[in-house]
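*Asks:* Right, I'll just put the structure down here and ask away after.
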Amino acid sequence: MALHPLTTEMINSVIEQQLDLWPEARDNFFRLREAERRALVLEDLAGAVQHNPARIRSTGASVDAASVAARPCFLCSSNRPSEQISYEWPDGWDFLVNPYPVLPVHFTIASKTHRPQDRIPLDIAVMAEAAPDLTFFFNGARAGASAPDHMHVQAVLKTELPLIRLAESFHPDHRHGFMTSAESGLSLPFQFISAVITPDATGMKTLALAHHAFGIDADTGEADQGLVNAFFWTGDSGLLRCIVVPRRRHRPSCFHSEGRERYLISPGAIDMAGLVITPRREDFERLDADIMKAIYGEVAFAGTLPTTILKHFRL
């Protein structure tokens with residue numbers, strides 16, 4: 001699929017046009033300037049924690065089947081606010097400014113068709129190749145998606161995510177195909193798969209395996225394509241790159257705890273990329289590396305990735 005490039009100037013123009021027309025989104029973007037952030041060193045992942053009260057809608061969203069069925073889908077065009085501008089990019093997708101941003105550049109790209117968030121869409125690779133400033137990421141239906149019933153991806157500047165920089169540091173562009181984070185020699189709070197995807201038949205096979213990536217449910221032991229986070233971007237060499245994070249659970253046990261044992265943290269792709277979002281001030285102030293490492297260990301794989309996942313990626 002040929003897709004016109006999305007330049008830095010176009011990115012800025014889209015955001016400016018949207019904020020001029022939508023006071024609520026403008027207020028949320030301006031408020032983001034005041035969001036507090038502090039470093040959170042997670043072994044060799046140099047992360048951070050951000051206090052962002054506006055993200056309570058996403059972090060605390062009820063995503064069980066009954067709750068999702070009972071509410072209008074906020075990504076369907078018929079249910080969006082009249083102020084929200086939509087651009088068709090690529091074909092079959094609506095390119096939208098996210099009105100509840102985590103970062104100063106934050107987009108949601110929603111399928112024009114209401115269909116479930118059941119696997120990594122192949123079009124995410126087309127987007128990443130056409131917008132070299134951005135990282136496009138996918139939250140599986142059980143891995144941080146607040147709209148598991150509607151296929152969508154999101155995008156932020158690729159320079160904002162620590163995990164992207166980390167993968168580029170240990171996985172050289174000339175090593176095509178997949179590589180596990182365990183091969184990096186780094187000490188990391190969870191394991192993931194990195195890939196360099198070439199524009200040839202071999203690269204298409206790599207992309208197909210990423211498209212069918214899955215996690216393993218911690219309770220049932222079953223493979224689940226909804227238990228993954230994924231990131232796609234264009235590397236400095238011009239080659240497509242991706243990270244797949246297989247998951248074990250949607251939310252950690254502390255999300256469901258009470259009193260001081262509770263941390264309202266529901267890791268999605270941005271959190272797994274090293275930028276942990278805390279809507280509540282008390283969580284922002286007391287979250288430390290040990291607690292976050294425990295959370296990562298509950299929702300992802302802190303040790304070796306399961307053999308079934310490694311075999312899927314031919315590793």
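The values are calculated or read from the model by the stated rules, or taken from the named source; none is laboratory data. A quick note: this is a predicted structure, and the numbers were derived from the prediction, not measured. All Cβ positions, even for glycine, are placed from backbone atoms using ideal geometry, and neighbour counts span all protein chains on display. Ligands, DNA and RNA are stripped out before the accessible areas are found, and what is left, the full protein with its side chains, is counted by its heavy atoms. Shrake-Rupley method; radii C 1.70, N 1.55, O 1.52, S 1.80 Å.
*Asks:* Residue check: is VAL105 over 19 Å from SER146 (Cβ atoms), open to solvent by less than 30 Å² (accessible area, probe 1.4 Å), in contact with a Leu (Cβ under 8 Å, 6 or more places away or on another chain) and not acidic (Asp, Glu)?
*Replies:* yes
*Asks:* Here's something else I'd like to know. Confirm whether HIS256 is closer than 30 Å to HIS174 by Cβ and surrounded by fewer than 19 Cβ atoms within 10 Å (Cβ to Cβ).
*Replies:* Considered against the rule, which asks whether it is closer than 30 Å to HIS174 by Cβ and surrounded by fewer than 19 Cβ atoms within 10 Å (Cβ to Cβ), HIS256 comes out as no.
*Asks:* Condition (residue is open to solvent by 20 Å² or more (accessible area, probe 1.4 Å) and over 25 Å from ASP44 (Cβ atoms)) applied to region 164-172: is it met by at least one residue?
*Replies:* There is no residue in region 164-172 that is open to solvent by 20 Å² or more (accessible area, probe 1.4 Å) and over 25 Å from ASP44 (Cβ atoms).
*Asks:* Check GLY226, GLY268, GLY235 and return the single one that is more than 20 Å from SER181 (Cβ to Cβ) and touching a residue at least 12 places away in the same chain (Cβ under 8 Å).
*Replies:* Just a single option satisfies the conditions, and that option is GLY226.
*Asks:* Kindly indicate the residue of region 133-158 that is modelled with pLDDT of 95 or more, assigned to a loop (DSSP other than H, G, I, E, B) and over 16 Å from ALA69 (Cα atoms) and also most open to solvent (accessible area, probe 1.4 Å) among those meeting that condition.
*Replies:* Applying the filter and picking the extreme gives ASP133.
*Asks:* Given the conditions (1) of a type in the set (A, V, I, L, M, F, W, C); (2) in a strand (DSSP E or B); (3) in contact (Cβ under 8 Å) with a residue 24 or more places away in the chain, which single one is not true for MET127?
*Replies:* Going through (1) of a type in the set (A, V, I, L, M, F, W, C); (2) in a strand (DSSP E or B); (3) in contact (Cβ under 8 Å) with a residue 24 or more places away in the chain one by one, MET127 breaks only (2).
*Asks:* For region 187-246, give me the residue count where each residue is open to solvent by 20 Å² or more (accessible area, probe 1.4 Å), closer than 20 Å to PHE137 by Cα, touching a His at 6+ places or on another chain (Cβ under 8 Å) and among the polar types (S, T, N, Q).
*Replies:* Of the residues in that region, 1 qualify.
*Asks:* Kindly provide the set of residues from region 288-312 that are crowded, with 20+ Cβ neighbours inside 10 Å and either among the basic types (Lys, Arg) or assigned to a loop (DSSP other than H, G, I, E, B) (or both), ordered by number.
*Replies:* Within region 288-312, ALA300, PHE301, LEU305 meet the criteria.
*Asks:* Give me the residue from region 33-65 that is at pLDDT below 90, open to solvent by less than 70 Å² (accessible area, probe 1.4 Å) and of a type in the set (A, V, I, L, M, F, W, C) and, out of that set, nearest to PRO101 (Cα to Cα).
*Replies:* ALA54
*Asks:* Going through region 76-91 one residue at a time, which ones are more than 15 Å from SER13 (Cα to Cα), in a loop (DSSP other than H, G, I, E, B) and either in contact with a Gly (Cβ under 9 Å, 6 or more places away or on another chain) or open to solvent by 30 Å² or more (accessible area, probe 1.4 Å) (or both)?
*Replies:* Correct list: ARG80, PRO81, SER82, GLU83, ASP91.
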